[in-house]
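Structure record follows, encoded as C-alpha cells.
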Amino acid sequence: MRQSGEHQRQQGRRIEGRADGTTGRMAGRLGVAAAVVAFSLALTLSLGATALSDRVAGVVRPAAYGGAPSDARRDDGSTAAVASFALASGVRADLIALWDASVVANEERVACIGGTRGRDGVVRITRVYTLPVVSADSANAGAGPSLATCRPPAWFGTVHTHIITDPLGEPYTQFSSPDRDVIARWQRAWRTDGVFCLLYSEADAHCELGGGQAAANVSYASGDGMVTVHEGAAGNPAAAASPR
C-alpha cells in the first residue's frame with residue numbers, strides 16, 4: 001500500500017510538471033503573439049500619423065506631378081533667374097484655344113512653340129502648332145509627338161496644359177517631375193536649351209528657358225505685366241514692343 005501511494009504521488013508530480021511545461025509554452029506563444037500584434041498596431045498608428053501630418057503640413061501631390069516646388073528652385077537649391085517672354089499677336093488666341101480644348105476634353109494638350117531669343121534677353125514666342133493627341137488623360141500626355149515634331153530650327157520648345165488642381169482647388173503652377181524628364185530628353189535629343197511653357201489656368205502660364213535657367217509667370221490671355229511683340233516687327237523691340 002505504501003509503494004502504491006508513493007507511486008501515485010510520483011505520477012501526480014509528473015503530470016503536474018507536464019501541465020506546467022505545457023502552460024509555460026502556451027504562455028510563451030501568447031506572449032509572442034501579443035508582441036506581434038502590439039508592434040503591428042504601433043506601426044499602423046505611426047504610418048497613419050505620418051500621413052495625417054503630411055496632409056496637415058502641405059497638400060499631397062498626385063504621383064504624376066511630383067510636388068514640384070512653387071518658386072522654381074533647381075535641384076541644387078538655387079532659384080532660376082527671371083526671364084522676359086513676349087507673345088506675338090496671334091499666339092495668345094492659339095494658347096487660349098489650346099487651354100479650352102484641354103478643359104473640354106479633360107485631357108492635357110501639347111503644342112510646339114517657335115520664335116526667337118533676342119540679344120536683349122527677351123524670348124519671343126511667335127508660332128504655335130497644336131500636336132495630335134496621343135494617350136492623354138487629365139494629368140499626362142504622350143511625349144512622343146513633341147519629342148519628334150517640336151524640333152529646331154522650326155521650333156524651340158513646347159507648351160502644354162495643367163488642368164487638374166490640388167485638393168484645395170489650387171492649380172499646379174510648376175513643371176512636374178515627368179515634365180522635367182521630357183524636357184531633359186528634348187534637350188539631349190536636339191542639343192539646345194529650349195523654351196518650355198505650361199498653361200495652368202485660362203489666363204496664366206509659367207515659362208522657362210533652358211529647363212530652369214530662367215523662368216517667369218506670364219499672363220497669356222490679358223497680357224497684363226507682359227511685353228507684347230507684334231509679328232513682323234520683332235527685330236525692333238523699341239518700336240514694336242509695348243508694356244500692357
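The values are calculated or read from the model by the stated rules, or taken from the named source; none is laboratory data. These numbers come from a predicted model, not from an experiment. Note that we place each Cβ from the backbone using ideal geometry, even for glycine, and neighbour counts take in every protein chain shown.
Laid out as a table, the results:
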item	result
Residue in segment 121-153 that is nearest to Thr192 (Cα to Cα), counting only those that are modelled with pLDDT of 95 or more and of a type in the set (Val, Ile, Thr)	Thr149
All positions within segment 203-218 that are at pLDDT 90 or above and polar (S, T, N, Q)	Asn217
Answer residue from segment 148-161, given it is of a type outside the set (Val, Ile, Thr) and assigned to a strand (DSSP E or B) and is farthest from Arg191 (Cα to Cα) among those	His160
Filter result for Ser102 (under 16 Å from Cys197 (Cβ atoms), modelled with pLDDT of 95 or more, in contact with a His (Cβ under 9 Å, 6 or more places away or on another chain) and small (Gly, Ala, Ser))	yes
Scope segment 162-191; condition within 16 Å of the chain's Cα centre (by Cα), part of a helix (DSSP H, G or I) and over 12 Å from Glu208 (Cβ atoms); matching residues	Ser177, Pro178, Asp181, Val182, Ala184
Count of residues meeting criterion [modelled with pLDDT of 95 or more and either touching a Leu at 6+ places or on another chain (Cβ under 7 Å) or over 19 Å from Tyr129 (Cα atoms) (or both)] in segment 192-202	3
Only one of Gly118, Gly157 that is touching a residue at least 24 places away in the same chain (Cβ under 8 Å), closer than 18 Å to Gly194 by Cβ and either buried (at least 20 other Cβ atoms within 10 Å of the Cβ) or of a type outside the set (Gly, Ala, Ser) (or both)	Gly157
Some residue of segment 180-192 being buried (at least 16 other Cβ atoms within 10 Å of the Cβ), touching a His at 6+ places or on another chain (Cβ under 7 Å) and either within 20 Å of Glu107 (Cβ to Cβ) or touching a residue at least 24 places away in the same chain (Cβ under 8 Å) (or both)	no
